[in-house]
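In what follows, a single structure is set out as structure tokens and then discussed.
The values are calculated or read from the model by the stated rules, or taken from the named source; none is laboratory data. Quick caveat: nothing in here was measured; it's all calculated off a predicted structure. Positions of Cβ are generated from backbone atoms using ideal geometry, with glycine treated the same way; all protein chains shown enter the neighbour counts.
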Amino acid sequence: MPLVDHMKYLRAACAVSLTGSSVGAAHALHWSQSSVTRAIQSLEEALQQVVFDRSARGMQVTASWDELLQRCVRAFQFLAIAPQHKAGPSGALAWLGCRFALGVGPRHLRVLLSLAATGSETVTAAQLGVSQSAVHQSLVQLEHFSGKKLFTRSRLHGLRVTELGDQVIHGCKLFHAELAQADEVLTGLSGQVSGQLTIGTLPFSVGPLLPMAVNKLLQALPGVQVTVVDGTYDVLIHRLRDAEIDLIVGALRLDFAIQGLMQETLFVDGLAVVVRAGHPLAVHPTLSWQQLADAQWIMPMPQTPAQAVFEQALANAGLSLPVAQLRVNSALMMQSLLMQSDRLAMMSPRQIQSEIQAGLLVVLPLAMPQDVRSIGLIRRSGLLLTPAMQTLLEACRLVATQLTRENPVNKPNA
């Protein structure tokens, strides 16, 4: 049974870990001391674990549960998003002053997240296998805990999430993600390293980096399940903030400043102009940008690092931007278009290394701007890393070092 299904017991355990005693936890939770004691006993019996050592000095978290309860405390902090009691506690204790964090249970969370996805009490009831009246009752309780409406209702559009509802749903997703990671750590106490990682990749910026890193991860931890999804920058950032994915690998933005997220540069990546083998321009030993004035391009996507380098290259040559007749956000589609036409595209030679070596694509001999893209990782900040995530990050750094040692500036003929 996942830890989220033991929310009531976990509240007691977290409160004891923060206050140092069942008396302090009872005061913080507004429970009786005997209720706190029974909750701890129930948690230990359900999980078959010793969570606390008891002594005359109070209750001390066991060494094996220290990290687990840190994760659980962090999870409950994500629920401290609705209005708090006046003069309530702060810091790690803040959630103990929040009616929402103290009141919701697993059933409420399931209903809330389903309603956010479906916008319908009827559909949510069918998904969860409960009556519509049960869903409605849970929603009423959720809005009581939050102190305000989480949804607006209309006959035409069903349920619409309010601004507070967005904040609450975001916090609940992070709560679930944090407890899911705690589940992985709990499983690891028995010597089995497992878990799931979902990695988002940005187009035209992964190349051999991620495949090599994932292979290293799975060789080291065969019990881990990995899912790789692709998407645009904005979509993946939104999913990362909501903990729907664990990591983004790709081209980084220079103006990055997103609360709750951090990025790490692995290496800098050069770009080049690429055409099919046998292209009329491919026979020239040297080329100038002016010779490309009438070329047809597959344009980079707007507001991407590749677009910035493309614009800089044309500006340096005194050329105006071509009409954006064709933009492609798929590496496979772009390669197919290149090989079936005389179009040009700006790509990373590292991204198409296999196609270049196979003689399918050719890099044109053009001077490129000094501007380069930074390739790296974006993840949520402040996390306690799971063994799987720590191993993946180390694998990415190792592979990046190997790639840049072999070809520091990403020259196509290196």
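Among residues of the range 392-405 that are closer than 15 Å to residue 221 by Cβ and in contact (Cβ under 8 Å) with a residue 40 or more places away in the chain, those with a beta-carbon under 8 Å from a residue that is among the β-branched types (Val, Ile, Thr) and outside any helix (DSSP H, G or I) at least six positions away or on a different chain give the pairs 392/199; 396/249. The C-beta contact set for the range 350-373 (first residue closer than 23 Å to residue 400 by Cα, second residue small (Gly, Ala, Ser), distance under 6 angstrom, 6+ apart or interchain) comprises 350/207; 351/207; 363/272; 369/313; 372/270; 373/251.
With respect to the conditions (1) out of contact with any Phe, Trp or Tyr (no Cβ under 7 Å at 6 or more places or on another chain); (2) outside any helix (DSSP H, G or I), residue 393 falls short on a single one, namely (2). If you go through the range 253-310 and pick out every residue that is touching a Lys or Arg at 6+ places or on another chain (Cβ under 9 Å) and of a type in the set (Asp, Glu), you end up with 2. Scanning the range 374-392 for any residue that is in contact with a Cys (Cβ under 9 Å, 6 or more places away or on another chain), modelled with pLDDT of 95 or more and either farther than 20 Å from residue 230 by Cα or crowded, with 16+ Cβ neighbours inside 10 Å (or both) turns up at least one such residue.
Being within 24 Å of residue 360 (Cβ to Cβ), surrounded by fewer than 16 Cβ atoms within 10 Å (Cβ to Cβ) and assigned by TED's automatic domain parsing to the domain that holds residue 367 is the requirement here; does residue 326 meet it? For residue 326, the condition - within 24 Å of residue 360 (Cβ to Cβ), surrounded by fewer than 16 Cβ atoms within 10 Å (Cβ to Cβ) and assigned by TED's automatic domain parsing to the domain that holds residue 367 - is met. Selection of the range 155-198 for residues being over 14 Å from residue 388 (Cα atoms), touching a strand residue (DSSP E or B) at 6+ places or on another chain (Cβ under 7 Å) and of a type in the set (S, T, N, Q) yields only 162.
Name the residue that is nearest to residue 204 (Cα to Cα), counting only residues in the range 323-349 that are in contact (Cβ under 8 Å) with a residue 40 or more places away in the chain and part of a strand (DSSP E or B). Working first, answer last.
We begin by selecting, within the range 323-349, every residue in contact (Cβ under 8 Å) with a residue 40 or more places away in the chain; these are 329-331, 334, 338-349.
Cutting the leftovers down to part of a strand (DSSP E or B) gives us 344-347.
Values: 344: 15, 345: 11, 346: 10, 347: 7 Å.
The selected residue is 347.
For residue 79, the criteria (1) under 22 Å from residue 167 (Cα atoms); (2) in a helix (DSSP H, G or I); (3) hydrophobic (A, V, I, L, M, F, W, C); (4) touching a residue at least 40 places away in the same chain (Cβ under 8 Å) hold in every case but one, which is (2).
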